Amino acid sequence: MMDYLVFARWFGLVSLFLSLGILFNIEDARHMARNMVKSETGYIIGGVLPVIFGSLSILFANSFEESWALLITLMGGAVLSVGVFRVIFVKQWKVLIARYIEEIPFLFSLFGLMFGVILLYIGFVATKI
């Protein structure tokens, strides 16, 4: 069974690699973001994937004790909340994305890097201390 450390390691790596890919290809990411808002792919990537990853995070790290599992639970809850907002309020999400389309790929990469580093720290370093 996958515990929160395995989840933190796995999702930390995924987040880190995706964020670096966007950061190193920022103009392509902006072009893809413009196209994503116009298609169903944007709905899946922007809404459904956060719901999946956020709910998985809550399933594997569902703890409110003062530990690293609490941080993963809170981060998962935030990701799940964003995903649910995007799935339920599609029009509002598309308007928001369209307004800030030039800045979103960089911010997505920046937050993804922070998210990935925190999860990798929890998964690999914090448990050894």
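The values are calculated or read from the model by the stated rules, or taken from the named source; none is laboratory data. Not measured: the values here are computed from a predicted model. We place every Cβ from the backbone using ideal geometry, glycine too, and count neighbours over all the protein chains shown. Areas reflect the complete protein model, heavy atoms only, side chains present, ligands, DNA and RNA absent. Shrake-Rupley method; radii C 1.70, N 1.55, O 1.52, S 1.80 Å.
The figures follow:
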read-out: Yes/no for Leu71 being within 22 Å of Phe7 (Cβ to Cβ) and either among the acidic types (Asp, Glu) or crowded, with 17+ Cβ neighbours inside 10 Å (or both); value: yes
read-out: Some residue of the range 30-51 being within 14 Å of Phe111 (Cβ to Cβ) and hydrophobic (A, V, I, L, M, F, W, C); value: no
read-out: Residue match in the range 80-96 (condition: of a type in the set (A, V, I, L, M) and open to solvent by less than 40 Å² (accessible area, probe 1.4 Å)); value: no
read-out: Index of the failed condition, Ser39 passing every other in (1) within 22 Å of Thr73 (Cβ to Cβ); (2) free of Cβ contacts under 8 Å to residues at least 60 places away in the same chain; (3) open to solvent by less than 70 Å² (accessible area, probe 1.4 Å); value: (1)
read-out: Every residue from the range 94-116 that is in contact with a helix residue (DSSP H, G or I) (Cβ under 7 Å, 6 or more places away or on another chain) and either within 23 Å of Ser57 (Cα to Cα) or among the polar types (S, T, N, Q) (or both); value: Phe108, Ser109, Gly112, Leu113, Phe115, Gly116
read-out: Criterion (part of a helix (DSSP H, G or I) and surrounded by fewer than 16 Cβ atoms within 10 Å (Cβ to Cβ)) met by exactly one of Ile22, Ile45, Ile58; value: Ile45
read-out: Complete set of residues in the range 103-123 that are of a type outside the set (A, V, I, L, M, F, W, C), open to solvent by 80 Å² or more (accessible area, probe 1.4 Å) and within 19 Å of Ile22 (Cα to Cα); value: Glu103
